[in-house]
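First up is the structure itself, then whatever we jot down about it.
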Amino acid sequence: VEQRRKGTGQTDYELARILASLTLVEGNEIVIDPCCGVGNLLSATYDTKANLGKVHLEICKSIFGMEIDIFQANLATMRLALKQPNLVSNANQPNIISSNLFENHERINQADVILMNPPFKRYEIQDDFPLPLDYRDTITSQFTQAFGEEPASIGGQSNLYHFYTEFVIRSAKPNSRMGIILDNKWYQNKYGKPLREFILRNCIIDAIIEYPSQSFFEGAIVSTTILVMRK
């Protein structure tokens, strides 16, 4: 409950496997989750790659994760390492770092596949876990440092995931594939228009898959969607 109020929610494993299967083709792709939480998407990626015939060491070398919460980053590292506990060693560590997505556009640019379940939180709503008043300015400054201009997908009462989605698209290399978990408001509501236009200018959409509310996220009141696209 506390995670949901903060705007974060762990990805259901079934949903994570669907996302991985939709974006991985050969199994040797470099995959990154730039806000990986406890590693559910990365765990599903590992299992998908294993089913495609890849072995533990090469899978670990091809999976990257970032998570600003160091405790969750450590859990994600342990989760991947324990896929093959007999192979755990200092030389065979999963590539997960505790870091802010908005400070790592160059690392995101190295990936062939980007999987992400970004935070869901309206900036204007101030509840028991309000966003810092200067948070929008901080993110805007990081956009400017990385790309030389401010975000283009923000309008009206934009959800926090607009920032994350645009940053990842801008950071991604050409022809990379992206699988992003969103709600269904971004392609229905007026405030989602800037994000829709940005996506259409910069990506080729392969699929938008919508599930009924509460299918994957307990307590959800809006539908979950999977957005699959190419830069």
Fill in the blank from the handout: The orientation-averaged projected area of the Cα convex hull of the stretch 53-126, in nm², is 6.6 nm²
Practice task
Please go through the residue pairs K61/K185; K54/K231; K61/K231; K54/K185; K49/K231; K49/K185 and name each one whose alpha carbons sit more than 28 Å apart in this structure.
Solution key: K61/K185; K54/K185; K49/K185
Exercise for the section: Report the residue, chosen from G148, G39, G192, that carries the largest GNM mean-square fluctuation when the chain is represented by alpha-carbon nodes joined by springs under 10 Å. Expected result: G148
Fill in the blank from the handout: In Å², rounded to a whole number, the accessible area per residue of the chain with probe 1.4 Å is 47 Å²
Exercise for the section: Kindly give the semi-axes, whole Å and largest first, of the ellipsoid equivalent to the stretch 127-206, taking each as the square root of 5 times a Cα gyration tensor eigenvalue. Expected result: 21, 17, 11
Practice task
Specify, per residue and in Å³, the volume enclosed by the convex hull of the alpha carbon atoms belonging to the stretch 1-112.
Solution key: 107 Å³
Problem - Percent of Cα-Cα distances greater than 31 Å, calculated over the chain - result: 17 percent
Completion exercise
Listed residues Y191, Y161, Y46; largest mean-square fluctuation, Gaussian network over the chain with Cα springs below 10 Å, found at Y191
Completion exercise
Restricting to Cα pairs under 8 Å and 6 or more apart, the percent relative contact order of the chain works out to 19 percent
Completion exercise
Sites removed, the longest contiguous part of the chain containing no DSSP-loop GluC sites (Glu not before Pro) with at most 16 other Cβ within 10 Å is 27-123
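The values are calculated or read from the model by the stated rules, or taken from the named source; none is laboratory data. Fair warning: this is a prediction, and the values are worked out from it, not measured in the lab. All Cβ positions, even for glycine, are placed from backbone atoms using ideal geometry, and neighbour counts span all protein chains on display. For accessibility, only protein heavy atoms count, side chains too; no ligands or nucleic acids. Shrake-Rupley method; radii C 1.70, N 1.55, O 1.52, S 1.80 Å.
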